[in-house]
Amino acid sequence: MALLDIIVAPDPRLKKKAVSVESVDKATAKLMADMLDTMYEAPGVGLAAPQVGVLKRIIVVDPAQEDEKPRPLKMANPEIFWSSEEVKEYEEGCLSLPEEYEPVQRPDRIKVRYLDEKNQPQELEADGILAVVIQHEMDHLDGVLFVDHISSLKRGMILRRLTKIKKLSKAQKPKATLKRRSLASA
Ligand code: GNR
Ligand code: NI
């Protein structure tokens, strides 16, 4: 079990487009397992590789409630090949936008194709929270956050709030490497 650091917005690494994986090899399967550990620990219902600094088209999701048996899904190169005309609104949150929640509209049902952790092609029809989370995670693969689906006024408020929090937490943390260097040169 390994826990990865989750990148918090605003950060240029969350705005980049991730590249497809050639095949799901051992290293990819290990990354998927580590991403699931990180997601459960957070806790969250989904996680995309760019959120842990890996620009590859890999996502993990588990829509099970806390009182249900876990239902982890690991996906590489996910592609939506059908989505319903009907849209639904859902109050979204994101581990990269901590403690911020806003309603987002998305297609209610989707069909998605992907490679599983054994490199096998799979197809899945999803609705409800699962459909929401898969679409939210796939957005991360194209550098899109849920705040990109809401008004620029609300987006600006959220990003300014997070910038402020980042500045405060940076001011509290000493810069270890710089400190060592200045001591060495003294
Ligand atoms: O944990 C998460 N909860 C959530 C709730 C509503 C819509 C989407 C999500 S995904 C989020 C985890 C996350 O940020 N994944 O990228
Ligand atoms: Ni997210």
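The values are calculated or read from the model by the stated rules, or taken from the named source; none is laboratory data. Quantities reported herein were computed from a predicted structural model and do not represent experimental measurements. A quick note on method: Cβ atoms are made from the backbone with ideal geometry, for glycine too, and the neighbour counts reach across all protein chains shown.
Against the numbered list (1) buried (at least 17 other Cβ atoms within 10 Å of the Cβ); (2) under 17 Å from Tyr40 (Cα atoms); (3) within 16 Å of ligand 2 (Cβ to nearest atom), Lys74 comes up short only at (3). Confirm whether Pro43 is under 13 Å from the mean Cα position of the chain (by Cα), more than 24 Å from Gly143 (Cβ to Cβ) and either modelled with pLDDT of 95 or more or assigned to a strand (DSSP E or B) (or both). For Pro43, the condition - under 13 Å from the mean Cα position of the chain (by Cα), more than 24 Å from Gly143 (Cβ to Cβ) and either modelled with pLDDT of 95 or more or assigned to a strand (DSSP E or B) (or both) - is met.
When Glu99, Glu91, Glu66 are checked against the criterion of being charged (D, E, K, R) and within 22 Å of Lys111 (Cα to Cα), a single residue qualifies: Glu91.
Here is a yes/no grid of residues against (1) surrounded by 21 or more Cβ atoms within 10 Å (Cβ to Cβ); (2) of a type outside the set (Val, Ile, Thr); (3) within 19 Å of Glu92 (Cα to Cα); (4) away from ligand 2 (no atom under 15 Å from the Cβ):
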{"site": "Met35", "(1), (2), (3), (4)": "yes, yes, no, no"}
{"site": "Pro43", "(1), (2), (3), (4)": "no, yes, yes, no"}
{"site": "Ala48", "(1), (2), (3), (4)": "yes, yes, yes, no"}
{"site": "Gly53", "(1), (2), (3), (4)": "no, yes, no, no"}
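In this structure, does Glu92 turn out to be closer than 30 Å to Gly156 by Cβ and either away from ligand 2 (no atom under 11 Å from the Cβ) or in a strand (DSSP E or B) (or both)? The answer is yes for Glu92.
Is there a residue being of a type in the set (A, V, I, L, M, F, W, C), without any contact (Cβ under 8 Å) to a residue 60 or more places away in the chain and either more than 14 Å from ligand 1 (Cβ to nearest atom) or outside any strand (DSSP E or B) (or both) anywhere in the stretch 100-108?
Filtering the stretch 100-108 for residues of a type in the set (A, V, I, L, M, F, W, C) gives 104.
Right, trim to without any contact (Cβ under 8 Å) to a residue 60 or more places away in the chain and you get 104.
Add one more test, that the residue is either more than 14 Å from ligand 1 (Cβ to nearest atom) or outside any strand (DSSP E or B) (or both), and what stays is none.
No, the conditions are met nowhere in the stretch 100-108.
When residues in the stretch 95-118 are screened for being within 16 Å of ligand 2 (Cβ to nearest atom), crowded, with 16+ Cβ neighbours inside 10 Å and of a type outside the set (A, V, I, L, M, F, W, C), 4 of them pass.
Please go through the stretch 1-40 and give me each residue that is small (Gly, Ala, Ser) and in a loop (DSSP other than H, G, I, E, B), ordered by number. Lay out the reasoning, then the answer.
Filtering the stretch 1-40 for residues small (Gly, Ala, Ser) gives 2, 9, 18, 20, 23, 27, 29, 33.
Listed by number, the residues that qualify are Ala2, Ala9, Ala18, Ser20, Ser23.
Residue pairs whose Cβ atoms lie under 6 Å apart, sitting 6 or more positions apart in sequence or on different chains, and linking a residue in the stretch 46-67 that is modelled with pLDDT of 95 or more to a partner that is small (Gly, Ala, Ser) and more than 12 Å from ligand 1 (Cβ to nearest atom), are Pro50/Ala18; Leu55/Ala18; Lys56/Ala18; Arg57/Ala18; Arg57/Ser20; Ile58/Ala76. In the stretch 62-87, the qualifying residues are those that are in contact with a Pro (Cβ under 8 Å, 6 or more places away or on another chain) and farther than 28 Å from Lys30 by Cα, and the one that is farthest from ligand 1 (Cβ to nearest atom) is Glu85. In the stretch 120-144, which residue that is more than 19 Å from Arg109 (Cβ to Cβ) and crowded, with 22+ Cβ neighbours inside 10 Å is nearest to ligand 2 (Cβ to nearest atom)? Applying the filter and picking the extreme gives His140.
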